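Each remark here refers to the structure printed beneath this line.
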Amino acid sequence: MNNQPHDLTRKTDHVVIVGGGLAGLFCALKLAPRLVTVISAAPLGQGASTAWAQGGIAAAVAEGDSAEAHAADTVAAGAGLVDETIALGIAREAGARIHDLLRYGVPFDRDLEGRLAVGREAAHSARRIVHVRGDMAGQAIISALADAVRGTPSIRVIEGYAAEALLTEDNAVTGLQLRKVGDAGARPVIIASRTVVLATGGIGHLYAVTTNPAEASGSGLAIAARAGAVIADPEFVQFHPTAIMAGRDPAPLATEALRGEGATLINDKGERFMLARHEFAELAPRDVVARGVFAEIAAGRSAFLDARAALGPRFAKKFPTVYASCIAAGIDPARQPIPVAPAAHYHMGGIAVDAHGRSSLRGLWAGGEVSSTGAHGANRLASNSLLEAVVYAARIAEDIDGSSIASLGRLATPIELRNCAFSAASEAGLRAMMTSHVGVIRDGERLAEAVRTFAAIERDADNVALRNMATTALLVAASAWARRESRGAQYRIDYPAERPQLKHRTRTTLTAAREIAASLSARAELRAPQPMTA
């Protein structure tokens with residue numbers, strides 16, 4: 001069922017889900033036949049990182065594997081910050097969620113005996129990644145769910161509108177402010193609701209080099225933070241080691257499964273540089289591999305993913321998505337090494353939620369990449385993100401089903417009217433600073449400069465969209481500055497070691513980030529040269 005948002009300005013008996021990716025669509029289906037409205041900035045599924053996911057879903061469904069082993073691998077990859085209870089719970093629910101997806105029509109690969117076929121990816125101790133045609137899991141999942149959503153009468157779908165503000169009263173959600181995407185002159189539209197699920201995805205588009213779609217600009221995290229929600233672990237941004245350097249934004253991804261099949265990383269001299277960096281070489285945790293690739297590029301040696309010996313002529317059939325991206329860039333991966341570089345890929349941080357997906361604001365749930373559950377710690381284990389998304393989407397639906405929707409005393413009040421349009425230069429400048437100052441390798445001085453810059457934009461921006469980007473950028477940079485150690489995906493050259501006293505998750509707010517910015521600005525003013533007096 002399709003509607004215009006204007007039809008829902010005073011309707012309060014519905015659950016509003018913001019986001020048309022895996023978490024949002026799965027949650028909507030699980031809530032049926034309850035009345036649900038799904039808000040998607042792009043045509044359903046098209047603006048979601050889910051659709052671009054190549055690896056698949058991690059699930060201990062093979063003989064000899066176990067949820068306990070899966071959870072242990074998750075904990076090991078998370079650099080000391082994984083909530084072990086959460087990780088085990090997610091791993092134990094994996095089988096049920098995979099069967100849900102099968103019922104919704106997802107055509108997971110099977111072996112000759114009809115069992116689910118499983119592959120292996122970095123830092124997993126067993127073959128437990130469930131795929132679709134090698135590297136097409138994300139697209140297949142999102143297509144199947146989108147079809148199921150469109151065929152469910154109780155689900156309204158509103159496309160082409162972005163949520164730009166979360167409206168609250170007394171620490172409780174009262175509604176959302178939307179604006180039509182791509183229409184600079186559009187006025188905002190208010191949707192009233194006491195029950196909102198944010199499933200808006202990640203923050204990759206805040207970086208100049210990313211594998212994420214443009215919609216992954218951190219807007220969901222920003223609107224929750226601006227409404228006062230607690231944010232967890234925003235400093236931990238995972239960079240995929242092998243984005244294909246083809247001059248495209250976003251950069252196409254060379255899935256980790258390629259390395260699982262034996263592809264190696266080499267420099268321009270043909271040397272396998274990861275052998276000297278980690279005992280697992282190319283299958284080391286992603287943060288280690290990303291830094292290895294980054295170091296080769298910084299040293300002027302370039303980095304390449306070489307699948308010639310491992311796959312050769314089988315490449316096109318085994319990994320059709322990667323093959324097509326390479327061919328479009330003029331690279332034949334069966335005969336040539338693929339030029340690669342690290343790219344912003346996944347955000348371990350997000351809106352802090354409990355085991356049911358509830359945030360610190362009443363009536364606000366969050367699922368998928370916009371949330372932070374404690375499952376990923378400081379460094380996400382490969383293919384755990386899609387699993388977390390479906391597990392929490394189901395938990396959120398169950399939690400909402402067990403609660404009553406309170407009626408609104410009055411219509412939510414819109415925030416100040418601002419124009420969504422902003423210059424490309426403003427966006428490009430923010431993204432460039434995130435890459436150079438808050439990227440794979442960080443240091444205190446550059447982080448401090450980023451914090452001051454983003455705080456000024458967040459304070460002074462004359463449009464909502466740019467302000468929201470700056471809000472999320474500020475939260476990431478301020479928390480990265482405050483964590484004076486290297487752990488997982490956070491690597492600081494001025495604090496290169498883990499510090500045992502910092503072995504805990506971050507809990508922060510936008511107010512706290514602004515306070516860090518104010519302190520750093522005051523320090524900078526004190527250090528600035530004073531004008532000479534006569």
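Quick notes
Conditions (1) within 30 Å of LEU81 (Cα to Cα); (2) in a helix (DSSP H, G or I); (3) of a type in the set (Phe, Trp, Tyr), marked per residue:
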{"site": "THR242", "(1), (2), (3)": "yes, no, no"}
{"site": "VAL288", "(1), (2), (3)": "yes, yes, no"}
{"site": "GLU296", "(1), (2), (3)": "yes, yes, no"}
{"site": "GLY330", "(1), (2), (3)": "no, no, no"}
{"site": "GLN336", "(1), (2), (3)": "no, no, no"}
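- Residue list for region 91-129, restricted to those being among the aliphatic types (A, V, I, L, M), modelled with pLDDT of 95 or more and in contact with a Lys or Arg (Cβ under 9 Å, 6 or more places away or on another chain): ALA94
- Region 125-158, subset closer than 18 Å to ALA94 by Cα and β-branched (Val, Ile, Thr), residue surrounded by the fewest Cβ atoms within 10 Å (Cβ to Cβ): VAL132
- ALA482 satisfies every condition listed in (1) farther than 30 Å from ALA162 by Cα; (2) crowded, with 21+ Cβ neighbours inside 10 Å; (3) among the aliphatic types (A, V, I, L, M) except (2).
- Any pair with Cβ under 6 angstrom, 6 or more apart, that starts in region 491-504 at a residue that is more than 13 Å from GLU235 (Cβ to Cβ) and ends at one that is surrounded by 15 or more Cβ atoms within 10 Å (Cβ to Cβ) and among the basic types (Lys, Arg): GLU498/ARG487
- Restricting the first member to region 91-108 and to residues that are over 17 Å from ASP147 (Cα atoms), and the second to residues that are at pLDDT 95 or above and surrounded by fewer than 16 Cβ atoms within 10 Å (Cβ to Cβ), the beta-carbon pairs closer than 9 Å and six or more apart or on different chains are ALA91/SER66; ALA91/GLU68; ARG92/GLU68.
- Close contacts from region 247-266, counting a first residue that is over 11 Å from ALA122 (Cα atoms) and in contact (Cβ under 8 Å) with a residue 24 or more places away in the chain and a second that is basic (Lys, Arg) and part of a loop (DSSP other than H, G, I, E, B), with Cβ to Cβ under 8 Å and a gap of 6+ residues or different chains, come to THR264/ARG272; LEU265/ARG272; ILE266/ARG272.
- Leading residue by the ranking (nearest to ALA389 (Cα to Cα)) among those in region 98-116 that are crowded, with 20+ Cβ neighbours inside 10 Å and out of contact with any helix residue (DSSP H, G or I) (no Cβ under 6 Å at 6 or more places or on another chain): LEU101
- Single residue of region 317-332 satisfying the filter (over 15 Å from ARG248 (Cα atoms) and modelled with pLDDT of 95 or more) that is surrounded by the fewest Cβ atoms within 10 Å (Cβ to Cβ): ASP332
The values are calculated or read from the model by the stated rules, or taken from the named source; none is laboratory data. Quantities reported herein were computed from a predicted structural model and do not represent experimental measurements. Every residue, glycine among them, receives a Cβ derived from its backbone with ideal geometry; neighbour counts consider all protein chains shown.
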